[in-house]
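Bear in mind that the values in this text are calculations on the coordinates, not laboratory data. It should be emphasised that the depicted structure is a prediction, and the values quoted were computed from it without experimental measurement. A quick note on method: Cβ atoms are made from the backbone with ideal geometry, for glycine too, and the neighbour counts reach across all protein chains shown.
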Amino acid sequence: MAGRNFLDLPEAARLRIYKFSGLVRSCPVDLTPDQASSVTWHSRGDPEARNICYYQLRSSGKNKLGGRFRDCVCERFPTELLLVSKAIYKDAHGVLYGKNKFVLRAHQASHLAAIATMTPQAISAMTSLLIRLNCWPCPWGHDYLHPTKPTCYICSAALEDCDPILDLNTQDGQEMANLWRKLCSHLFTHITPDQLDLTFICDTGSQSDAEQITAPLTMLPLLKKCTIRLGRSPNPVLNSISRDVSKKLTQEFIPQKSFPFESLPRELRLQILNYTHLGALGAYHPKFSVFHVEQNKLIYGQSEQIDRPICCSKCTHTFADCCCPTAYPSYSTSCDCRLMPWDLFTVSKQMQADAFEVFYSKNIFEFCQDPLTTLSFFQSLPPSSLPFIHRMKFRFSEEQLEEWDEEGWNEKWTELVEYIKSNMNLLRLEITIDLKQVFELFLFQDDNPDLEEDMRFIDEIYWHVATTLSMLERLKNVKFELGWWKDMKGLLEQRVLEERWKGELGRVENGPETQWDAPSWRVKEIENLGVSEEILA
């Protein structure tokens with residue numbers, strides 16, 4: 001090893017050493033000047049602020065944080081490495097700008113100088129850069145408003161301190177646009193083609209402003225990836241501008257001529273549509289695979305009520321600065337939200353028929369509402385689409401079970417099942433009954449003198465749900481998800497499927513340890529049905 005120095009090590013070994021030294025960090029490097037705004041983020045300099053990194057929390061999948069978190073807890077860069085020697089400077093300089101992700105949130109035009117004054121070597125080494133010309137609803141790029149106060153949910157910054165949308169009719173807007181054009185000219189000269197992942201965010205209020213602010217981007221060389229957002233609320237026109245500019249900068253494939261899709265065999269057309277976000281094989285996050293129907297409205301991705309759609313945290317490298325097309329007029333190839341192609345239903349009658357079949361047959365529809373409301377939902381659909389529905393889930397809440405008799409749910413459930421029997425293709429239909437919330441009704445009630453009576457009440461609901469479903473004699477499959485009485489699962493499924501349950505559909509599934517054995521008054525009935533050895537073991 002005599003005579004060898006640091007630069008003689010393999011590149012991979014040197015990179016690991018640089019990472020251990022702190023020259024490469026997981027959090028984006030914020031280029032925004034300290035005096036970027038008069039906003040005082042409560043977590044900055046606040047001794048009570050939690051010493052937890054916002055970016056690390058978001059990268060682990062947490063998207064509703066609450067409280068106050070520091071954006072970054074990384075130590076400062078070891079810039080002393082750049083002073084060791086010219087050779088080390090060149091090597092470390094390339095790592096510093098090539099392996100880190102950079103962010104500039106320019107709250108005013110002069111802040112663009114943070115990039116404009118960079119050396120050509122630094123810009124040419126960059127691989128990831130986010131430039132934001134205005135920030136909302138938080139000056140620091142966070143995406144969530146507080147549910148009860150006009151502040152950021154993450155850092156408590158006041159909403160009034162956020163930046164206004166770009167208006168090129170104002171002096172500030174014109175100054176921002178002029179310096180932005182100069183910066184793009186500077187970047188054009190020094191960016192390494194097909195290397196930079198660029199994210200550009202500028203919330204505009206009109207098509208004209210959006211076109212003018214994105215025009216300088218078109219002079220840039222080929223980009224490896226380009227994400228663009230141009231507004232604060234969904235807008236089809238601005239969304240198209242974002243998509244077209246991004247695809248032009250990355251030379252993403254765009255068919256120049258129409259493809260005779262409708263001349264393909266029907267089976268092939270349906271298979272292709274199933275790979276779009278319309279079907280089950282689209283490139284979106286699994287959490288969006290279920291359509292929740294509440295108050296007869298489709299809600300996909302989440303069933304809880306929130307102030308605005310939850311960011312997938314993949315649309316940008318900051319885990320903030322949301323560019324999800326479901327929430328903003330934007331375009332991002334890394335976003336894995338589900339963006340439904342509703343326009344397919346308006347192309348032609350044949351395309352509409354194909355789209356209906358894929359949409360209803362390849363997705364799961366979950367209902368948590370009054371059975372008669374669900375019935376009205378089915379009745380509002382085109383009658384020809386009902387046989388295409390193949391998977392449904394009915395979820396019963398704790399409140400619904402408590403008011404079962406008062407609301408006449410036995411009769412309502414029976415009416416709904418009769419409609420399903422008459423209008424849907426039972427040979428392809430699979431139904432899941434979610435009763436997991438029942439478990440919570442009897443927690444901490446060991447001293448309740450009416451506990452057994454209450455348990456019988458719930459048992460009767462179980463039994464009525466299953467008995468009513470047994471009217472669906474040709475039903476393909478049924479599954480009960482219980483939070484109570486694990487032994488009842490097999491009994492209820494057998495009650496619905498009868499002899500078919502013992503055949504190819506028969507299965508034994510042990511519930512979690514928190515579930516309880518079947519009630520004493522059902523044990524004899526289970527034994528009489530001849531399944532005690534399977535589900536009572």
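Worth pointing out:
- With the simple spin-label model, which puts each label point 7 Å out from Cα in the Cβ direction, the SER348 to PHE259 separation comes to 1.5 nm.
- Inter-label distance, HIS277 to ARG181: 3.4 nm, where each label sits 7 Å from its Cα along the C-beta direction.
- Expressed as a fraction of 2.2 N^0.38 Å, the C-alpha radius of gyration for segment 134-209 is 1.38.
- Rg over Rh for segment 314-358 works out to 1.17, using Cα positions for both radii and the Kirkwood form for Rh.
- Added length on full extension, which subtracts the Cα-Cα distance from 0.36 nm per residue, LEU159 to SER21: 45.9 nm
- Counted residue by residue at 0.36 nm each, then reduced by the alpha carbon distance between them, the extension gain from GLU398 to ASP8 reaches 133.7 nm.
- Computed over the alpha-carbon atoms, segment 456-497 gives an Rg to Rh ratio of 0.95, Rh here being the Kirkwood radius from the mean inverse distance.
- Taking packing as the residue-averaged number of other Cβ atoms within 10 angstrom, the listed peptides 459-466, 395-402 run from highest to lowest as 459-466, 395-402.
- Distance between the modelled labels on SER334 and LYS224, one decimal in nanometres: 1.0 nm (7 Å Cα→Cβ projection).
- Kirkwood estimate for segment 316-449, i.e. one over the average of 1/r between Cα atoms, Å: 18.3
- In a fully extended conformation the segment linking THR189 and GLU415 would gain 74.3 nm over its present Cα-Cα distance, using 0.36 nm per residue.
- Calculated FRET efficiency for the pair GLU498/THR373, C-beta based, R₀ 45 Å, to 0.05: 0.90
- Separation of alpha-carbon centers, segment 191-224 and segment 332-388, rounded to whole Å: 35
- Hull shadow area, averaged, segment 66-163 [alpha-carbon convex hull, nm²]: 7.5
- With 10 Å bins beginning at zero, the pair-distance distribution over Cα atoms of segment 362-424 amounts to 19, 55, 23, 4 %.
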